[in-house]
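What follows is a short report on a single structure.
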Amino acid sequence: NAGVTQTPKFRVLKTGQSMTLLCAQDMNHEYMYWYRQDPGMGLRLIHYSVGEGTTAKGEVPDGYNVSRLKKQNFLLGLESAAPSQTSVYFCASSPRGLANEQFFGPGTRLTVL
Amino acid sequence: AQKITQTQPGMFVQEKEAVTLDCTYDTSDQSYGLFWYKQPSSGEMIFLIYQGSYDEQNATEGRYSLNFQKARKSANLVISASQLGDSAMYFCAMREAGGTSYGKLTFGQGTILTVHP
């Protein structure tokens, strides 16, 4: 099992460029999440999905879009990148259930110049 | 209002000693779960321990234990016999069982633990 994988691991963008981050999980989990991590602020939820074809906004959704066309994949898009979106992005997945931990991907370090 | 508060930005401990990392939370749900994750300098998020709101016993996992005080809404992580490899950022997180939560985790700001030899 690869667990949760993220592509790419690093990326540098110029302001206004667009990109898509790919998250894939092979654990057949229902729930998937995108977080961003900034110094001193912990992890903040951007968007999440409770199943194939469904997505919802988290705590900091502005400037991002997501799609979950297949159960195992969760895509995060930046249509017009801004320097404020410089961050480390983590994808996570979990099965249903209160006690189930979230499994995290290795993260994507994004810099927007 | 902050749902998860970790008041210790940084903590230092001597190798082989025990250390407590503080976490307080705020929720109106009766059913919720509390998690601790470790993030070493390499960046990955490692799950450590879980405590359910209805669990009567404090959770333990090897050298990790969770000091759960429900009335005080605190869920402190205790690491016994610290090792150099315990140096990392530690996050407390909560999952509420409420109808719209969909399993979301809310994280605290984290505590950086440094273990001295």
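Quick note: the coordinates plus some simple rules give every number you see, no bench work behind them. Since the model is a prediction, treat every value here as computed from it, not as a measurement. Backbone-built Cβ (ideal geometry, glycine too); neighbour counts: all protein chains shown.
Give a residue-ordered list of calculated ³J(HN,Hα) values for segment A:106-113 (Karplus: 6.51 cos²θ - 1.76 cosθ + 1.60, θ = phi - 60°; whole Hz; x for Gly, Pro).
For segment A:106-113, the Karplus curve yields x, x, 10, 8, 10, 10, 10, 8 Hz.
Restricting things to alpha carbons, find the Rg to Rh ratio for chain B using the Kirkwood radius for Rh.
With Rg and the Kirkwood Rh in hand, the quotient comes to 0.97.
Any chance you could check the Cα centroid distance between segment A:1-77 and segment B:7-35 for me, in angstrom?
About 27 Å separates the Cα centre of segment A:1-77 from the one of segment B:7-35.
By the gyration tensor of its Cα atoms, with a ≥ b ≥ c the square roots of the eigenvalues, what is the shape of segment B:1-51: rounded for a/c under 1.5, prolate for a/b over b/c, or oblate?
Prolate, because a/c is 1.5 or more and a/b exceeds b/c.
Assuming R0 = 45 Å, what is the FRET efficiency of A:Arg109 and B:Ala71, from their Cβ-Cβ distance, to the nearest 0.05?
0.65
Among the listed pairs B:Lys38/B:Lys104; A:Lys57/B:Lys104; A:Lys70/B:Lys3, which have their C-alpha atoms separated by more than 23 angstrom in this model?
Where the Cα-Cα span goes over 23 Å, the pairs concerned are A:Lys70/B:Lys3.
Do you know the relative contact order of segment A:8-113, to the nearest whole percent, from alpha carbon pairs under 8 angstrom that are 6+ apart?
Relative CO of segment A:8-113 lands at 36 percent.
Cβ under 13 Å from B:Glu15's Cβ, B:Glu15 left aside: what net charge do those residues give with Lys, Arg +1 and Asp, Glu -1?
Counting the neighbours of B:Glu15, the net charge comes to 0.
Could you pull out every one of the aspartates and glutamates with an alpha carbon less than 14 Å from that of A:Lys14, ignoring same-chain neighbours closer than 8 positions?
Cα-Cα hits under 14 Å: A:Glu79.
What FRET efficiency do you get for B:Tyr64 and A:Gln72 if R0 is 35 Å and r is their Cβ-Cβ distance, rounded to the nearest 0.05?
Working from the Cβ atoms, E equals 0.70.
Please report the relative contact order for chain B, taking Cα pairs under 8 Å with a sequence separation of at least 6, and give it as a percent rounded to a whole number. Please report the intermediate quantities before stating the final value.
Working: 287 pairs, mean separation 42.8, N = 117.
With pairs under 8 Å counted, the relative contact order is 37 percent.
Efficiency by 1/(1 + (r/R0)^6): what FRET value for A:Ser84 and A:Val12, r their Cβ-Cβ distance, R0 = 22 Å, to the nearest 0.05?
0.90
Treating only the Cβ atoms of Lys and Arg (+1) and Asp and Glu (-1) as charged, compute the dipole magnitude of chain A about its Cα centre; round to the nearest 20 debye.
220 debye
Give the residue list of trypsin sites (Lys or Arg not before Pro) in segment B:1-65 that are DSSP loop and have at most 16 other beta-carbon atoms within 10 angstrom.
Working: sites: B:Lys3, B:Lys16, B:Lys38, B:Arg63; in loops: B:Lys3, B:Lys16, B:Arg63.
Qualifying residues, ordered by number: B:Lys3, B:Lys16, B:Arg63.
Near A:Gln85, within a Cβ-to-Cβ distance under 14 Å, what is the net charge of the other residues, with Lys and Arg +1 and Asp and Glu -1? The partial results should precede the final answer.
Details: positive: A:Arg11, A:Lys14, A:Arg36, A:Arg44, A:Arg109; negative: A:Asp38, A:Asp62, A:Glu79.
The answer is +2.
On a straight-distance basis, which aspartates and glutamates could pair with B:Lys73 in a cross-link, Cα separation under 18 angstrom, same-chain partners fewer than 8 positions away excluded?
Here the aspartates and glutamates satisfying the reach criterion relative to B:Lys73 are B:Asp22, B:Asp26, B:Asp29, B:Asp55, B:Glu56, B:Glu96.
Taking N as the number of residues in chain A, what is its alpha-carbon radius of gyration divided by 2.2 N^0.38 Å?
That works out to 1.00 for chain A.
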